[in-house]
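Peer 1: Dropping the structure in here first, questions after.
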């Protein structure tokens, strides 16, 4: 828990998040229209999505399966019976005049998410519910000086609204929760987690109170669409509420909008739009009943999720908790790492710690510089595995390996090819190394004399000369050993 | 050729099969009849060109030896069914100029069965009404007149245009939709047959929605056999309607055996409402006597929650309607009346586009779903609805069928009840309970009132047992020997 220091004492922040996650599905929740992002406006609209007279919704079973899969991934209750309700309100991009959602009986009930904090501490955040609902269309206010255009491509797309308990106590925790939820959804393949495209959107419910005291009045902050903005919005809003209270005011329960340009929240409520949504069960849809075998079939195909993967990386591979967290956060990274390690029958073919260092060090660094994500890495996982193998069998040194890696990244060639092409194979032949050392000592008789008279620090100079003479290919261990003996005379 | 318009569907089917006349001739006879009867205002849109094309295609199919079950039969379509390329209005100004790019499942099935579309019939706006006086396109006149009284009468509603078209010999059959009695009450008022099948029997896809949990399409015809034939073509599972029942469609015509010996017919005592007129009471007694004479066993049963049915209906139906009609907002199709802001555009459009009764029901529905009223109205109504359904389930443990009057009166004059919504709503007192329970129910013309107007008897069956309803209806029809017809008003 991180507290806010106010003028009148400490304040605790209480946060719950409502996340809207677009379901990965070819078709919409109640119509067969496609859902691809970025299509020309109004090209992905069925008669149902446009709410033409007499059109009826039909549940897309795949979206139901995705919601159940998500529920199972969140370790949540799957409700065998759930009900679709109509949430009634008028807006130009809501063709039906109501949104089909789930109100009293959602498809998924209570679950939990474990979050890791920067301090290394782990906390459990409760999930209140997950329900399915339709997305609305999009109003475009900037296409014409006086008219609003409406794009219905998104109308009817399936969303999962995932509501957390008010268990979150800081911006860090909120960021960790959102990051973890996103990671789980991506592992499950139920949401692509793309916040820029709006596949994952977040509303923040926040109130402040005296530590451990009675809950304060909350405000809902809408439109907080990146993890960075979630932090900003929380920090701003918590301060705002503390100031209002400390100045003798009261917090009104209201909906506020996050202005990402200014980093502030502002009230968006207007009295005439104090909505009464008049929820009632949609008479066009029968209650949704899930069969046990439907749920079990999905349960059997659940992938290993980040927490389990992290535990395995620590226990089977001996990784530290921090490295394991970094590696499991994105499923693509974890998959890459596992492909580098290439464990067969539980036995890793590459040293997992070394592999972890390469992935989180050199690879991440190069990818960052090149602004590439790991899926488009020029060095494929088996190629990095090959490089690590060359280090392990002494073909190249760790130092040379970094150069080889840089070439691999530039050229896409594999390590063995680059080593052969450039003659980078490590010299381990002690006779050859001895000969090089003899040459160096002969050429630097003065330095040798100084060394022997007690100037130990010159040892590094001799190593450098030998490595230079061998273009870095000499095995550093062998150079050290032989040099020490020769210097000792 | 005028007699062609007097045929039943079954007779026309036989005549076409024998080659006694062609589908084109049959269509022409009806096109002429429709032109002559425009004073009834039964049609919002006449489609003679479409009828001629359908009929010619039908004759070609017959020559090729592949006729469908309704091939060449002139049908009128309630203007609540979306028809591809043909104006579809729901009798509302708000759907001004709306031509769907799609065809409702039921009209597509009728077309596939060979039906010939004569036009789109008038109705109460969005099927909200019991007199066909709320249409933006003006009231429909009942082809019948009281003996010695020339005032125009209402045809009932909401399927008033369809009932008038069938009774007035403008089509051999028509589609109707029934939410609380909208097929059965106009059928009774116009002296024809109408069946609301079990909820889920016919697809709702492409029918402009009024109250989704109650709306059900059905045929309106001049004989029970015709209703069976037409219902067969309209029924069936539709994956596009989640409330459609995935059940086999029986051969309804084959159910008309005329044999109801041993059938237990329930007479619900709660339907003997206060103020029931003697002639309705007598008609009901006649019905009981006819059933008994045919070997059925009348049994008094109790449906204790009957008196709550009407208020329950008038909470649930408007609640659903208030939401279903939200899509008529001027944004995408139909009428738009501009305004300074989006909200003003909504208000202008919906204020101008919806008539008084529709606005009334949207307001009622919005109110009963509002925070603070939802539990007291909507939730309570849903509970009562379940009790009403349970009443029927209990009754059907001891009887096979229920017999009641269809409506509490004969057809009334235009204007008589249009300013008294409660009096208007009472028209549905006998038909609403079966709607709330989703059960099949049917009106059969059974006699004339003292004013010389038709009266109907009402049969309610078990869910998905339209066959027993039709079989008993056939017996009533035969026993009643209803041969009266509206006077021709050339």
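Peer 1: Hand me the list of helices (runs of 4 or more DSSP H) wholly inside the stretch A:382-489 holding 1 or more residues that are within 30 Å of residue A:368 (Cα to Cα) and within 47 Å of the chain's Cα centre (by Cα). Can you show your working first?
Peer 2: Working: elements: A:398-411, A:415-422, A:430-443, A:445-452, A:458-469, A:476-488.
The helices (runs of 4 or more DSSP H) meeting that bar are A:398-411, A:415-422.
Peer 1: Among the residues of the stretch A:197-219, which ones are outside any loop (DSSP other than H, G, I, E, B) and surrounded by fewer than 17 Cβ atoms within 10 Å (Cβ to Cβ)?
Peer 2: Residue satisfying the conditions is A:209 alone.
Peer 1: Kindly indicate whether any position in the stretch A:389-397 is without any contact (Cβ under 8 Å) to a residue 60 or more places away in the chain, under 17 Å from residue A:334 (Cβ atoms) and in the same structural domain as residue A:327 (by TED's automatic domain parsing).
Peer 2: The answer is no; no qualifying residue exists.
Peer 1: Can you tell me how many residues within the stretch B:400-421 are assigned to a loop (DSSP other than H, G, I, E, B) and closer than 24 Å to residue B:276 by Cα?
Peer 2: Residues in the stretch B:400-421 being assigned to a loop (DSSP other than H, G, I, E, B) and closer than 24 Å to residue B:276 by Cα: 14 in total.
Peer 1: Being within 14 Å of another protein chain (Cβ to nearest Cβ) and under 16 Å from residue B:438 (Cα atoms) is the filter here; which residues of the stretch B:191-208 pass it?
Peer 2: Scanning the stretch B:191-208 gives B:199, B:200, B:202, B:203, B:204.
Peer 1: Please go through the stretch B:224-248 and give me each residue that is farther than 13 Å from residue B:104 by Cα and part of a helix (DSSP H, G or I), ordered by number.
Peer 2: B:224, B:225, B:226, B:227, B:228, B:229, B:230, B:231, B:232, B:233
Peer 1: Then there's this: Only one residue in B:127, B:76 is surrounded by 24 or more Cβ atoms within 10 Å (Cβ to Cβ), within 14 Å of chain A (Cβ to nearest Cβ) and closer than 27 Å to residue B:430 by Cα, so which one is that? Please lay out each step first, then the result.
Peer 2: On the way: B:76 fails: within 14 Å of chain A (Cβ to nearest Cβ).
The conditions single out B:127.
Peer 1: Another question, if that's okay. So which residues in the stretch A:72-102 are within 11 Å of another protein chain (Cβ to nearest Cβ) and in a loop (DSSP other than H, G, I, E, B), if there are any at all?
Peer 2: Answer for the stretch A:72-102, where residues must be within 11 Å of another protein chain (Cβ to nearest Cβ) and in a loop (DSSP other than H, G, I, E, B): A:84, A:89, A:90, A:91, A:92, A:93, A:94, A:95, A:96, A:97.
Peer 1: Of all residues in the stretch A:107-145, which are within 27 Å of residue A:60 (Cα to Cα), in contact with a helix residue (DSSP H, G or I) (Cβ under 9 Å, 6 or more places away or on another chain) and not in a strand (DSSP E or B)?
Peer 2: Matches in the stretch A:107-145: A:107, A:109.
Peer 1: Still on this structure: With (1) assigned to a loop (DSSP other than H, G, I, E, B); (2) buried (at least 23 other Cβ atoms within 10 Å of the Cβ); (3) in contact (Cβ under 8 Å) with a residue 12 or more places away in the chain as the list, and residue A:53 as the residue in question, which single condition is left unmet?
Peer 2: Just one mismatch for residue A:53, condition (3).
Each row is one residue, and each column tells you yes or no for (1) farther than 23 Å from residue B:138 by Cβ; (2) in contact with a helix residue (DSSP H, G or I) (Cβ under 9 Å, 6 or more places away or on another chain).
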{"position": "B:359", "(1), (2)": "no, yes"}
{"position": "B:369", "(1), (2)": "yes, yes"}
{"position": "B:379", "(1), (2)": "yes, no"}
{"position": "B:413", "(1), (2)": "no, no"}
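Residue-by-condition table, conditions (1) assigned to a loop (DSSP other than H, G, I, E, B); (2) surrounded by fewer than 21 Cβ atoms within 10 Å (Cβ to Cβ); (3) in contact (Cβ under 8 Å) with a residue 40 or more places away in the chain; (4) under 29 Å from the mean Cα position of the chain (by Cα):
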site: A:11; (1), (2), (3), (4): no, no, yes, no
site: A:17; (1), (2), (3), (4): no, no, yes, yes
site: A:29; (1), (2), (3), (4): yes, no, yes, yes
site: A:32; (1), (2), (3), (4): yes, yes, no, no
site: A:45; (1), (2), (3), (4): yes, no, yes, no
site: A:49; (1), (2), (3), (4): yes, no, yes, no
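Peer 1: Under the condition of being closer than 21 Å to residue A:285 by Cα and either surrounded by 24 or more Cβ atoms within 10 Å (Cβ to Cβ) or in contact with a helix residue (DSSP H, G or I) (Cβ under 9 Å, 6 or more places away or on another chain) (or both), which residue from the stretch B:219-237 is farthest from the other protein chains (Cβ to nearest Cβ)?
Peer 2: B:235
Peer 1: Look at the stretch B:288-305 and say how many of its residues are loosely packed, with under 14 Cβ neighbours inside 10 Å, farther than 14 Å from residue B:394 by Cβ and touching a strand residue (DSSP E or B) at 6+ places or on another chain (Cβ under 7 Å).
Peer 2: Of the residues in that region, 1 qualify.
Peer 1: So, in the stretch A:344-359, how many residues would count as being farther than 14 Å from residue A:402 by Cα and crowded, with 16+ Cβ neighbours inside 10 Å?
Peer 2: So the count comes out to 5.
Peer 1: Could you check how many residues of the stretch A:310-330 are under 14 Å from residue A:180 (Cβ atoms), in contact (Cβ under 8 Å) with a residue 60 or more places away in the chain and surrounded by fewer than 22 Cβ atoms within 10 Å (Cβ to Cβ)?
Peer 2: 3
Peer 1: Same structure, new question: Just to verify a result, which residue in the stretch B:325-348, among those that are facing chain A (nearest Cβ under 10 Å) and outside any helix (DSSP H, G or I), is surrounded by the most Cβ atoms within 10 Å (Cβ to Cβ)?
Peer 2: Top of the filtered list is B:328.
Peer 1: Is it true that residue B:303 is part of a loop (DSSP other than H, G, I, E, B) and within 14 Å of chain A (Cβ to nearest Cβ)?
Peer 2: Working: part of a loop (DSSP other than H, G, I, E, B): yes; within 14 Å of chain A (Cβ to nearest Cβ): no.
Criteria not met by residue B:303.
Peer 1: Being in a loop (DSSP other than H, G, I, E, B) and at the interface with chain A (Cβ under 10 Å from one of its Cβ atoms) is the filter here, so list the residues in the stretch B:79-88 that pass it.
Peer 2: Scanning the stretch B:79-88 gives B:80, B:82, B:88.
Peer 1: Among the candidates B:415, B:365, B:372, single out the residue that is within 13 Å of chain A (Cβ to nearest Cβ) and on the phi > 0 side of the Ramachandran plot. Working first, answer last.
Peer 2: Numbers: B:415 fails: within 13 Å of chain A (Cβ to nearest Cβ); B:365 fails: on the phi > 0 side of the Ramachandran plot.
Only one candidate qualifies: B:372.
Peer 1: Here is a follow-up. For the stretch B:167-191, give me each residue that is touching a strand residue (DSSP E or B) at 6+ places or on another chain (Cβ under 6 Å) and either part of a loop (DSSP other than H, G, I, E, B) or closer than 18 Å to residue B:79 by Cα (or both).
Peer 2: Step one: of the stretch B:167-191, the residues touching a strand residue (DSSP E or B) at 6+ places or on another chain (Cβ under 6 Å) are B:171-178, B:183-184, B:187-188, B:191.
Within the stretch B:167-191, B:171, B:172, B:173, B:174, B:175, B:176, B:177, B:178, B:183, B:184, B:187, B:191 meet the criteria.
Peer 1: Report yes if some residue within the stretch B:312-319 is in contact with a strand residue (DSSP E or B) (Cβ under 6 Å, 6 or more places away or on another chain), at pLDDT 95 or above, within 14 Å of chain A (Cβ to nearest Cβ) and farther than 30 Å from residue B:473 by Cα; otherwise report no.
Peer 2: No - not one qualifying residue is present in the stretch B:312-319.
Peer 1: Could you tell me whether the stretch B:311-324 includes any residue that is assigned to a helix (DSSP H, G or I), in contact with a helix residue (DSSP H, G or I) (Cβ under 7 Å, 6 or more places away or on another chain) and more than 28 Å from residue A:55 (Cα to Cα)?
Peer 2: No, the stretch B:311-324 has no match at all.
Peer 1: How many of the residues making up the stretch B:4-47 are surrounded by fewer than 16 Cβ atoms within 10 Å (Cβ to Cβ), under 22 Å from residue B:69 (Cα atoms) and without any contact (Cβ under 8 Å) to a residue 12 or more places away in the chain?
Peer 2: The number of residues fulfilling the criteria is 4.
Peer 1: Sticking with this one: Going by what's in this entry, would residue B:181 be described as at positive phi and surrounded by fewer than 24 Cβ atoms within 10 Å (Cβ to Cβ)?
Peer 2: So residue B:181 does not fit the description; no.
The values are calculated or read from the model by the stated rules, or taken from the named source; none is laboratory data. In this text the structure is predicted, and so the values were computed from the model without any measurement. When we count neighbours, we look across all protein chains shown, and the Cβ atoms used for this are built from the backbone with ideal geometry, even at glycine.
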